[in-house]
Every structure is written in structure tokens, then in C-alpha cells.
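The values are calculated or read from the model by the stated rules, or taken from the named source; none is laboratory data. The structure displayed is predicted, hence computed values, not measured ones. Cβ: placed from backbone, ideal geometry, glycine included. Neighbour counts: every protein chain shown.
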Amino acid sequence: MSTKRTVNLAALNIVTHPHSKAGYTALLEEATELKQPIKIWGDVHGLLWSWYDYYDTGELYTGEIFIYSEIDMDQEWLDLARGEAASNKQLKEVTIPAHLKPHFKRVRFAFFANIHLIVFAEENAPDGSLGVTRMQKFLSRLLNDNRLLENRKFTEVQIRLVQSKEAIEEIFEKIAVKTLEILVEKPNGDDGGEAEQSVEDELEEENVSSYFIKMKAAPNEEIDPNQRTMRYMEEAALNGHVKARGVDRKTGRKKTVKTKDHPLIEGYEWDTGTGFLEFFLDGARKLAKKAKKKLRDRSRSTEEDQEE
């Protein structure tokens, strides 16, 4: 009997300088071949196990990351029946092959080569999920392995959090913003986005890798960002972050919003009577499209609100 289940998907932006579509796919393919376990937290490890071109077009790749626990066999074991440490004799009676690992989960992911965006099961997937921060840590540690970087032109792989653009839009709807901070890391401008290309051109013109803007409202005023500032905030959702401080319009209380606290996570309804992979890839496409969606035109929205 099929049921409905909401599966949450999230995204991360993989960035190198210099970069190319072929470079990203080669990097991930080599990382898969490496079969290097990565400690994520505690005794939990991750292993990039599989990676393949789903349609054989070089556009959409998918695979699985294996999650498991690595037990330290040299630590003491507890005998619950006696309420004390297990004896050496008891332990010698138990033999667990080194290649067998407990707490096994599979985390499905999709990689969109043109925009170097990775989408993954963040919560409630049938075989396993991984939170955004832990996935970011796993990929950063794996892809910055010296064996992967030694013959490449870049010296670092950045794994950037993809943040909710709704959070940026709501900043100005719900807060009278008094201070605004925007950090933009150098994007890959040829991904097809006007904002990305424009921001990258500006950064390259001045030979800088990141751009930090801090604004403070005039006395008794609130910040009203122009199109250029909105463009930087749009880019910061993929390559950086935004922090706003101000006064809540409803309560009158001071409020701070950080986009880093609002990763782009979307829930998609899965009918358990159908295959998970096709459902996942369809959801991943939708999330990738949303990640690249432009911010609303604030001037137009304001005019429409006034007309209503």
C-alpha cells in the first residue's frame, strides 16, 4: 500500500577558480574512484561510493554517498547483563570483519554540471539523508584531498551554502533595516546568470576574490536597496551571505536576520508506491531551478502592493 511522504532536498554550490564544466565532472569522478572515507562527526563517516551520467549527456549526474559508523575496536565494550566492562575472553568470542560497518545509510545526490550545483536528500529519504552542514563538511574534506588537487590549476575547492532567496526578500518586508552586510565570494560568471557574470566582472576588474559591503541607514531612516545592491544580495545567496539588523515592523523589537541560518531546503511529496530515483531527480531539477531564480523586483512589487 502506497503512502505519501515529504522528502526534503537541499543544495550546495561547488566552486573552483579557474573552472570548467569538464573540470567539475572530472573532479567528482576522481573523488569517487578515490574511495576515501571521510570523518563527518563523532564515529560517523561518509564515502562517495557511486557517480554516473544519468542520461549519458554530460549534464545530470547522480550517485550515492554511503554513511556508516567506524567503531574503535580498541575501546572498552559494555556487558549489559553484568553491568561492567566485557572481558578479553568475551571479546575474543566476537569477530567482526573489518569490511563490515554498522549504521549504514545511503544518501542520494544529483549534480548539475552546467551550474556545478549538487542537490541531495536532506531529510526523510527512505534509505538515508544528511543535514546541510554535515554534507558541506563531507564534500569540503573530500574534494580538498591533496591527491585530487596536486595536478590541477586550482588549489582549493569551495563548498558554498545555497541560501533561501525568500529569506532575503522577507528581510525588507518584515524589517526596517538599519544596517546591512553583504559578503560575495567570487562566482563563476559563465554559468548563464546575469548577476553572476556582472559580479564576477567587477571582482576581476579589481583583482579581488570577495566583496564585502556594509551599509548603515541615515538617522530615522531605513535602508532601501537599489538594483545594484539587490544584485549583490542575489549573488550572495549562492556565493556568500547577507546579514541585516533592524526593527521588526510588527513588534517594534530589534531583529537580526542571517541568510546563513536559512539554507534553501524544499520538501517534495513522494508517493511511496512509485520509484524514488525518478521522484528525487525531478525534485532536484526543481530545486536547482529555484536556486538560480532571480529575486523579485522590489520596485515593481511595491507599486503592485500600493495599487492593491
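So here's what we get for this one:
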item: Count of segment 56-109 residues which are within 22 Å of the chain's Cα centre (by Cα) and of a type in the set (D, E, K, R); result: 5
item: Residues located in segment 221-277, provided they are of a type in the set (S, T, Y) and either part of a strand (DSSP E or B) or more than 22 Å from L9 (Cβ to Cβ) (or both); result: T229, Y232, T251, T256, Y268
item: Of residues in segment 10-39 being farther than 28 Å from S210 by Cα and of a type in the set (A, V, I, L, M), the one surrounded by the most Cβ atoms within 10 Å (Cβ to Cβ); result: I38
item: Leading residue by the ranking (nearest to A110 (Cα to Cα)) among those in segment 43-64 that are free of Cβ contacts under 8 Å to residues at least 12 places away in the same chain and part of a loop (DSSP other than H, G, I, E, B); result: Y55
item: Positions within segment 71-109 being of a type in the set (A, V, I, L, M) and not in a loop (DSSP other than H, G, I, E, B), in sequence order; result: L78, A85, L91, V107
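This table checks each residue for (1) among the hydrophobic types (A, V, I, L, M, F, W, C); (2) modelled with pLDDT of 95 or more.
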{"site": "I96", "(1), (2)": "yes, no"}
{"site": "F111", "(1), (2)": "yes, yes"}
{"site": "I115", "(1), (2)": "yes, no"}
{"site": "A121", "(1), (2)": "yes, yes"}
{"site": "R147", "(1), (2)": "no, yes"}
{"site": "R152", "(1), (2)": "no, no"}
{"site": "T155", "(1), (2)": "no, no"}
